[in-house]
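Below is one structure, written out as structure tokens; comments come after it.
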Amino acid sequence: MTKLNWGMIGGGEGSQIGPAHRLAAGLDGYFALAAGALDHNPAAGRDFGQRLGLAPERAYGDWREMLEGERNRPDRVDLVTIATPNATHYEISKAFLEAGFNVLCEKPMTVTEAEAEDLVLAARKAGRICAVNYGYTGYALVRHMRAMVARGDLGKIRLVVAAFAHGHHANAAEADNPRVRWRYDPAQAGVSAQFADCGIHALHMAAFVTGQEVARLSSDFVSCLPGRILEDDAMVNFRMDGGTVGRLWTSSVAIGRQHGLTLQVFGETGGLRWAQEQPNQLYYMPLGQRLQVIERGEGNLSPEADRASRVTVGHAEGMPLAFGNIYRDLGENLLALRAGRRAEPAVTLFPTAEDGLRSIAAIHAAVASAKAEGAWVDARPKLFR
Ligand code: NAI
């Protein structure tokens, strides 16, 4: 198989999300790590890069050095993953897109809507892919939910109920721990904490599965711990452009909940329930019949689910493999582009800069609504109105 050269910015040693990207990108043999600026500390980044097998001249000290080093190489990286803290995403993504690189950016794509809009336009102008890592949409059964909704198995979708509620920031004694405190400080985190960090995964998944976009929303934000400026719990009601009613709960103070991403979809003729912590089972209730458990890997699922499933039924598949499906989609797209052909529709399911922009617009809409005591506000990006 033709290998694509892959570069990574951030995701250094000890980072939370870096290892999942490296597992995911290497899974199908499409990508080989060829360059990186992996750490905010240049020496640590160079050292870690070489330990991961990078040539010394491609284990860069910072992203600007990487941009200059890669720009004119004949074997320059085909895709750059950006897994740095949120406030740096815009500047790095923009610079790489403008230099003609394809980008996979971690969420949230940017801090402001203007920045997000700018990245959408920069990617279009450069004719490059700008993807956003809503990696949970790579799960086989999430793709199966989408396929079931699209082929009408549930009839018209009345309700979508999403949650991303965990309890990892509930301990008041740890609220001043620097690793926790910055997340609730507007100077470092932006306008929203929990909704921007976790809620948007659930909101994006609701859109991905229903095939509809969020049109309007009304939100209630609270900070349960005293002294926290930004929200640690939020309830967001929304309406989708196809008429579906949406409910979303996100929290970081829900003691006892671990990851907490769940999605339920209720249509006229059936309901679905899926949870990230048990991703290999999907609960399906056809109206008037018995509850069914759909297992990832069993025969006769949708082509989208079959394609995204990697090990046989009964063996657990988890988060890095879901991220791996985003990388596989990107790999197949990039190889198709290189060969001058269009990619198959099946491999265009990865979330794009447009999805990233929709999330940033929703974050700002939710903040505005919360400040206006839950007033309903337009959640669509200005670019798409
Ligand atoms: P982290 O703090 O654990 O790691 C950040 C890494 O980036 C560190 O290695 C740090 O040295 C490096 N870094 C910081 N500034 C840099 C710079 N200017 N140049 C190069 N490297 C730099 O952060 P974590 O939790 O891994 O989050 C990173 C991003 O991934 C965030 O945007 C976060 O929202 C996102 N994330 C996404 C998840 C998902 O499910 N899609 C899950 C967790 C995080």
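The values are calculated or read from the model by the stated rules, or taken from the named source; none is laboratory data. Everything numeric here is computed off the predicted structure, so don't read it as measured data. Note that each Cβ is placed from the backbone with ideal geometry, even for glycine, and that neighbours are counted across all protein chains shown. Just so you know, the surface numbers come from the protein's heavy atoms only, side chains and all, with ligands and any DNA or RNA stripped out. Shrake-Rupley method; radii C 1.70, N 1.55, O 1.52, S 1.80 Å.
Cβ under 15 Å from Gly374's Cβ, Gly374 left aside: what net charge do those residues give with Lys, Arg +1 and Asp, Glu -1?
-1
Kindly report, to the nearest 10 Å², the accessible surface of Cys224 as traced by a 1.4 Å probe over protein heavy atoms only.
80 Å²
Please build a GNM for the chain, connecting alpha carbons under 10 Å apart, and tell me which residue among Asn86, Asn41, Asn102 fluctuates the most.
Asn41
Take every Cα pair under 8 Å in the chain that's 6+ residues apart, average their separations, divide by the length, and report that relative contact order as a whole percent.
Normalised by residue count, the contact order of the chain is 19 percent.
Of the listed peptides 88-98, 118-128, what is their order by residue-averaged count of other C-beta atoms within 10 Å, with the highest listed first?
By packing density, highest mean first, the sequence is 88-98, 118-128.
Quick check: Cα centre of the stretch 1-30 to Cα centre of the stretch 283-320, how many Å?
Their Cα centres are 27 Å away from one another.
Seen from all sides and averaged, what is the projected area of the convex hull of the Cα atoms in the chain, in nm²?
19.2 nm²
Would you calculate a helix-derived [θ] at 222 nm for the chain, using -39,500 (n - 2.57) for each DSSP H run of n ≥ 4 and dividing by the full residue count, to the nearest 500?
-10000 deg cm²/dmol
Of the lysine pairs in the chain, how many meet both conditions: Cα atoms under 27 Å apart, and a spacing of 8 or more in sequence or different chains?
Summing the qualifying lysine pairs gives 11.
Compare the Cα positions of Phe323, Ser302, Ser251 along the charge dipole of the stretch 237-366 (+1 at Cβ of Lys, Arg; -1 at Cβ of Asp, Glu; about the Cα centre) and return the one farthest towards the positive end.
Value computed over the given set: Ser251.
Please report the Cα spread of the stretch 47-168 along all three principal axes, rounded to whole Å, starting with the longest.
Projected onto the principal axes, the Cα atoms of the stretch 47-168 cover 55, 35, 29 Å.
Using 0.36 nm per residue of separation minus the Cα-Cα distance, give me the extension gain between Glu174 and Val311 in nm, one decimal.
Stretched fully, the Glu174-Val311 segment lengthens by 45.3 nm.
May I ask for the net charge around Asp78, where only other residues with Cβ less than 15 Å from the Cβ of Asp78 are counted and Lys, Arg are +1 while Asp, Glu are -1?
Local net charge: +3.
Determine, for each peptide in 172-178, 283-289, the mean count of other beta carbons within 10 angstrom over its residues, then list the peptides with the highest first.
283-289, 172-178
Per residue, what accessible area does the chain have, given a 1.4 Å probe and all protein chains present, in Å²?
Dividing the accessible area of the chain by its residue count gives 43 Å².
Please work out the FRET efficiency for the pair Leu337 and Asp75, using the Cβ-Cβ distance as r and a Förster radius of 22 Å; give the result to the nearest 0.05.
That gives a FRET efficiency of 0.85.
How would you order 291-303, 267-279 from highest to lowest mean count of nearby Cβ atoms within 10 Å?
So the order, starting with the most tightly packed, is 267-279, 291-303.
First measure r as the distance between the Cβ atoms of Asn237 and Arg64, then evaluate 1/(1 + (r/R0)^6) with R0 = 45 Å and state the FRET efficiency to the nearest 0.05.
0.55
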